[in-house]
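Contents: one structure, followed by commentary.
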Amino acid sequence: MNGGGILSLSASGKSEADPDWSADDSQLVFGNVLEEPQDAAIHTVDLKSRLVRTSHGSEGYFSPRRSPDGRSIAAVRISDRRLDFFDFASGKWANLTSMASGYPSWSHDGKSIYFLSSPAGQRGIWRVGIASHKAEEVASLAEVDQPATIFGTWVGLAPDDSPLALRNLTTEDIYAWTFVTIQR
């Protein structure tokens, strides 16, 4: 844009946050992060018509992320923080992992989702396969001092799917890890 005023796309009065773009940049999907579980839901706004729709069956979900091909949405359940995904073709939600999850990010090929989790109290970045539903830790954050923000710590992905995370070194910085395969 070349400047201009701020345009409100929704006026629900709820805590709209955590948006994600559609693959064709024509829509935003967002959730309500500070609502009671029964009041939260996933919403989509069409940027051209400004029409806001609530996704069917999305009550109790937040942190929506559209798949790279636009065929599904991953989101986190407020009640137990499990990671689920909604398939537009079937019209159904399916569970990906029972682990408490945060900050989901689709891999660029759409075959897996990376997320923050703390099983047994050890923070790490995990990846779960869409087809297999198998979760594996890809980076331990156990020794990384992460800053506490209003929404907790943050993790994400670089364009090459390298994990990104905040690290507290008296300021809040973002770091990427380079993984090396060790042959034994």
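Bear in mind that the values in this text are calculations on the coordinates, not laboratory data. Predicted model only: the values in this text are computed from it and were never measured. In this analysis, Cβ positions are derived from the backbone assuming ideal geometry, glycine residues included, and neighbour counts consider all displayed protein chains.
Some values worked out for this structure:
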{"quantity": "Region 16-143 - charge dipole about Cα centre, Lys and Arg +1 at Cβ, Asp and Glu -1, debye rounded to 20", "calculated": "260 debye"}
{"quantity": "Interchain or long-range residues, amide H under 5 Å from L96's placed H", "calculated": "L83, D84, F85"}
{"quantity": "Net charge of neighbours whose Cβ lies under 11 Å from the Cβ of S72, counting Lys and Arg as +1 and Asp and Glu as -1", "calculated": "+1"}
{"quantity": "Under-5 Å amide H pairs with A41, H placed in peptide plane, nonlocal only", "calculated": "N32, G60, Y61"}
